Amino acid sequence: MKTIIFFLLRSFFIAALLTGCAKEDPDNPGNPDNPGEVLEELDVTGEAVMTVNIENDLGEDSAEGSPKLIDNDTLTKFLVYDIQEGLEITFRYEEPVQVAAYAITSGNDADYRDPLIWTFSGSNDGQNWTVLDQQAYEAFANRYQTRRYSYINEAGYTHYKWHISQLYGGSEMFQASEFRLFSIPPEEQVVMPFTETDTIRSGELTLLFVNKSEGFPASVKNDMIETFFTNYPLLMQDFNPDAQKTVAFRIEPSYDGVAYVFGGFATYGSSYMTNNPKDIDVVTHEIMHLIQSYGGNSLSWISEGIADYVRHRYGLYNEEANWSLPDYNPEQSYTDSYRVTARFFVWLENRYEGIIQELDSQLRTAPYDEAFWQNYTGKQLDALWQDYSEDPGI
């Protein structure tokens, strides 16, 4: 019996080496019950025939054709110039194969080409599909970064399909360096990474709350949702009635900052929001960026200054968060951005009513022009700052 067991173990180990299994790397989650133990898995990518519904414009044999996606070389990539209604990448096996995890490696440049929303499905006839995994508002923080997605699946399928419906940054150009499929014993299967998506609707507005941080405080989540549905309609009314009506919030554990908006959705650092539960009006600041929709028309100090100006005026929890505009001091400049610029904008609004709304409106239609200040107030921007510095009371 010992000889048989040894032979089986030895055979499995050799097969694993030949198929590239059990690679020890930081992206392999290992066995959650035994930290440090590598999963007993098989890379079954090479056993399948891959097809795509959209090929690189220069053909599959080109330098960025579809075979580069599964060539086991992360320095090459597959690129499609326009995913149109969605990119489908299908893997066909001669016999049913069980797949319970897959890995995606990002391309070498331009993060806006990364996949953002997708489904991964299995089928035994290529017509009727069972969704095995779906991901929404994923982000690859680095180039050549490999992210792994695991789920529970004991069934074997002859077909698997990766369907990408949306790209990061609203792009139409897709790229990825590598895609691998793994067969995993049922006792080793896990669900990773954690994702929980809630869809909340009120009137004509929809909020997708995509939480990727297990254990994120429910109270913080509820306050963020309340702030969105309280302030977003007001900001639409006062600044941009044509702003997007479906908004996504992503709670991201791998992001160590506060928050940012890119590609039409807002990302919040889960650590910051968890450790600063009173600073909920970060939401007010970020949703103003969604309202702004300036494209490339604005300068960052103006965009951030207006967002903090809005937080000052519309914020629900500023006092609890001990958040306020700073006092003026001579070392400041109107280009300091955020609260410093916001205080200057409050001063301007108190003396030239409607100026901030007009500035916001113009930036949606044309690039920033410093002549705006002269046209609206009769004074140049530097002269307005000089007036402010001599009498900064608000």
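Quick look at the numbers
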{"read-out": "Subset of segment 314-326 [in contact with a helix residue (DSSP H, G or I) (Cβ under 9 Å, 6 or more places away or on another chain), in contact (Cβ under 8 Å) with a residue 24 or more places away in the chain and not small (Gly, Ala, Ser)]", "value": "TYR314, LEU316, TYR317, ASN318, TRP323, LEU325"}
{"read-out": "Check on ILE356, within 29 Å of the chain's Cα centre (by Cα), more than 18 Å from ILE251 (Cα to Cα) and part of a helix (DSSP H, G or I)", "value": "no"}
{"read-out": "Residue tally, condition over 21 Å from GLU204 (Cα atoms), polar (S, T, N, Q) and open to solvent by 10 Å² or more (accessible area, probe 1.4 Å), over segment 265-294", "value": "4"}
{"read-out": "Hits in segment 295-317 (condition: in a loop (DSSP other than H, G, I, E, B) and either of a type in the set (Gly, Ala, Ser) or under 21 Å from ARG343 (Cα atoms) (or both))", "value": "GLY295, GLY296, SER298, LEU299, GLY315, LEU316, TYR317"}
{"read-out": "Residue that is farther than 22 Å from PHE262 by Cβ, free of Cβ contacts under 8 Å to residues at least 40 places away in the same chain and within 25 Å of the chain's Cα centre (by Cα), where the choices are SER123, SER66", "value": "SER66"}
{"read-out": "Residue under evaluation THR130, criteria (1) over 25 Å from LYS212 (Cβ atoms); (2) without any contact (Cβ under 8 Å) to a residue 40 or more places away in the chain, criterion not met", "value": "(1)"}
{"read-out": "Within segment 233-264, considering residues that are of a type in the set (Val, Ile, Thr) and open to solvent by 10 Å² or more (accessible area, probe 1.4 Å), the one farthest from LEU208 (Cα to Cα)", "value": "VAL258"}
{"read-out": "Residue in segment 196-206 that is in a helix (DSSP H, G or I), at negative phi and of a type in the set (Val, Ile, Thr) present", "value": "no"}
{"read-out": "Residue check, ASN240 closer than 24 Å to GLN166 by Cβ and either touching a residue at least 24 places away in the same chain (Cβ under 8 Å) or of a type outside the set (Gly, Ala, Ser) (or both)", "value": "yes"}
{"read-out": "In segment 371-394, residue farthest from ASN329 (Cα to Cα) [restricted to those that are open to solvent by less than 50 Å² (accessible area, probe 1.4 Å) and of a type in the set (Phe, Trp, Tyr)]", "value": "PHE372"}
{"read-out": "Residue within segment 12-32 that is part of a helix (DSSP H, G or I) and modelled with pLDDT of 50 or more present", "value": "no"}
{"read-out": "Within segment 165-195, tally of residues that are of a type outside the set (A, V, I, L, M), assigned to a strand (DSSP E or B), open to solvent by 40 Å² or more (accessible area, probe 1.4 Å) and over 18 Å from LEU290 (Cβ atoms)", "value": "1"}
{"read-out": "Residue in segment 318-330 that is in a helix (DSSP H, G or I), acidic (Asp, Glu), open to solvent by 10 Å² or more (accessible area, probe 1.4 Å) and at pLDDT 95 or above present", "value": "no"}
{"read-out": "Selection count, segment 207-232, where residues are part of a helix (DSSP H, G or I) and open to solvent by 50 Å² or more (accessible area, probe 1.4 Å)", "value": "5"}
{"read-out": "Selection within segment 75-103 - crowded, with 16+ Cβ neighbours inside 10 Å and under 23 Å from the mean Cα position of the chain (by Cα)", "value": "LYS77, PHE78, LEU79, VAL80, ILE83, LEU87, GLU88, ILE89, ALA101, TYR102, ALA103"}
{"read-out": "Some residue of segment 136-155 being touching a residue at least 40 places away in the same chain (Cβ under 8 Å), among the acidic types (Asp, Glu), part of a loop (DSSP other than H, G, I, E, B) and open to solvent by 30 Å² or more (accessible area, probe 1.4 Å)", "value": "yes"}
{"read-out": "Selection count where residues are surrounded by fewer than 20 Cβ atoms within 10 Å (Cβ to Cβ) and closer than 18 Å to VAL190 by Cα, scope segment 123-134", "value": "2"}
{"read-out": "Any pair with Cβ under 7 angstrom, 6 or more apart, that starts in segment 35-46 at a residue that is under 16 Å from SER150 (Cα atoms) and open to solvent by 10 Å² or more (accessible area, probe 1.4 Å) and ends at one that is hydrophobic (A, V, I, L, M, F, W, C) and at pLDDT 65 or above", "value": "LEU42/PHE182; ASP43/PHE182"}
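Table: residues versus (1) of a type in the set (Ser, Thr, Tyr); (2) surrounded by fewer than 16 Cβ atoms within 10 Å (Cβ to Cβ).
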| residue | (1), (2) |
| --- | --- |
| TYR314 | yes, no |
| GLN332 | no, no |
| GLY354 | no, yes |
| ASP369 | no, yes |
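The values are calculated or read from the model by the stated rules, or taken from the named source; none is laboratory data. This is a predicted model, so every value here is computed, not measured. Reconstructed Cβ throughout: ideal geometry from the backbone, glycine too, with neighbour counts over all protein chains shown. Quick note on the areas: whole protein, heavy atoms, side chains included, nothing else; ligands and nucleic acids left out. Shrake-Rupley method; radii C 1.70, N 1.55, O 1.52, S 1.80 Å.
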